[in-house]
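Step one of this worksheet: look at the structure below.
Read-outs: derived from the displayed coordinates by stated rules, not from any lab. Note that the structure is a prediction, hence the values are computed from the model and not measured. All Cβ positions, glycine included, derive from the backbone under ideal geometry; neighbour counts span all protein chains shown.
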Ligand code: ASP
């Protein structure tokens, strides 16, 4: 009973071209579903879905990432394998198009779990990922915004949460659950700042016996409560939707305005999504093969 759900980031999404955003998450979910339908693994499915969103200029991951305060893209990603509690994480990556592919290399090709900065980019090169100039990750819109701020004194960072961190969680026909999350982080973040995304149990988590999750939102709040692990723990007694909602509400009860969003799949293939922000674009394909999408959670999953 394979299924997949993807998100394109929790936030305001004010003035967004919602049709284009939804087309993007749908394209990603479809790419992941094609892998599952052909009998592929949950890992291949979430990577296929995440790469679509990393390559898409409307989402804050890969090409389209927000730049940091110095005008550079620094990306983080996490891949969690529910079969064996293994994970691959990267942070502060600057020279590749798809940070999630590097997270996979960390998981599958090294005895380690987490690489950062120049060492992570060097690992990418050593494993044949194309090394690109950082500027190639900056969209014309983001480039213009940075230079406007710079000309104006480059004082305050943009306010509000960035929109567009991406993630995917899939259950495959062999009952494997894998979660992928990838981000350019928050807009104008100080150089070196890392959010929840690559932190195991915070930005993502997967356990084949229970379920998997991928988070988005204000990383400093999410990582304080291990949001993704918390939600999967709730799946011991609750279906994905109730478990995910409970985890986000617990966070909101302790941290005002946490600006968090979460998606997931439980071991029975039931889907869940919830966010404390105005919006969080999601797309999903159920075991019957039906593709759906929404800009915000409105009770789709119970
Ligand atoms: N969670 C990401 C971070 O804090 C940002 C986001 O999801 O928008 O880096």
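Remarks
- Rounded to the nearest 10 degrees, the inclination of helix 140-151 to the longest alpha-carbon principal axis of the chain is 50 degrees.
- Within the stretch 219-258, backbone nitrogen closer than 15 Å to the virtual label 7 Å beyond the Cα of residue 268 toward Cβ: 234-244
- Computed extension gain for residue 175 through residue 84, at 0.36 nm per residue and net of the alpha carbon distance, reaches 31.5 nm.
- Antiparallel bridges, percent of DSSP beta bridges restricted to the chain (to nearest 5): 90 percent
- Label-point gap, in nm, between residue 143 and residue 291 - each point 7 angstrom along Cα→Cβ: 3.1 nm
- Annotation: the antiparallel percentage among DSSP beta bridges lying fully within the stretch 78-233 is about 80.
- Using 0.36 nm per residue and subtracting the Cα-Cα separation, the extra length available between residue 70 and residue 23 on full extension is 13.8 nm.
- Full-stretch length increase - residue 14, residue 224 - with 0.36 nm per residue and alpha-carbon distance subtracted: 72.9 nm
- Relative contact order (%) - the stretch 81-125, alpha-carbon pairs under 8 angstrom, separation at least six: 45 percent
- Extending 7 Å from the Cα toward the beta-carbon at both residue 110 and residue 300 defines two label points whose distance is 3.5 nm.
- Nearest 10 degrees, 0 to 90: helix 42-55 Cα axis against the chain principal axis: 30 degrees
- Normalised contact order of the stretch 1-55, rounded percent, pairs of Cα under 8 Å and 6 or more residues apart: 39 percent
- As a length-normalised measure over Cα pairs under 8 Å and 6 or more apart, the relative contact order of the chain settles at 25 percent.
- Against the chain, whose longest principal axis is taken from its Cα atoms, helix 117-126 shows a tilt of about 70°.
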